[in-house]
Amino acid sequence: MSTLHTVNKSPFATQTLLSCLGHCQEGDAVLMIEDGVYGALDGSGMSELVKSRAGVVSLYVLGVDAAARGIAPERILSDIKSVDYDGFVDLVAEHDRTQNWL
């Protein structure tokens with residue numbers, strides 16, 4: 001059974017993304033939304049940790065939330081796929097359950 005984990009808090013304000021990545025199982029997916037999109041930034045203090053999980057879990061960022069925060073697509077880690085709202089819905093449908101990290 002796979003889980004879609006959603007993270008909406010900045011990794012620079014809370015430990016939410018760190019905890020999420022530590023609890024994810026192989027085959028799970030992590031979708032960074034709202035302020036959680038800052039975890040997708042290349043060259044940040046979190047980028048190495050996020051990249052280290054890329055082979056185990058699928059990583060996504062909600063593109064409209066990144067754009068709303070002025071994050072250009074080229075600033076997103078290459079291991080992270082940008083999705084739109086339809087892609088968000090698809091991810092929910094593809095996984096057995098959804099875990100929100102608040």
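We did not get these values from a lab; they are worked out from the coordinates using the rules stated. Just so it is clear, the model here is predicted, and its values are computed rather than measured. No Cβ is skipped: glycine too gets one built from the backbone with ideal geometry, and neighbour counts run over all protein chains shown.
Residue 10 satisfies every condition listed in (1) surrounded by fewer than 16 Cβ atoms within 10 Å (Cβ to Cβ); (2) in contact (Cβ under 8 Å) with a residue 24 or more places away in the chain; (3) not charged (D, E, K, R) except (1). The number of residues in the range 59-102 that are among the polar types (S, T, N, Q) and free of Cβ contacts under 8 Å to residues at least 40 places away in the same chain comes to 2.
Residue by residue through the range 22-65, note down the ones that are among the β-branched types (Val, Ile, Thr) and assigned to a helix (DSSP H, G or I).
Going residue by residue through the range 22-65, those that are among the β-branched types (Val, Ile, Thr) are 30, 33, 37, 50, 56-57, 61, 64.
Selection gives 37, 50, 64.
Checked against the criterion of being under 17 Å from residue 27 (Cα atoms) and among the hydrophobic types (A, V, I, L, M, F, W, C), the candidates 59, 102 yield just one match: 59. The set of residues from the range 66-87 being in a helix (DSSP H, G or I) and surrounded by fewer than 19 Cβ atoms within 10 Å (Cβ to Cβ) comprises 67, 68, 73, 74, 75, 85, 86, 87.
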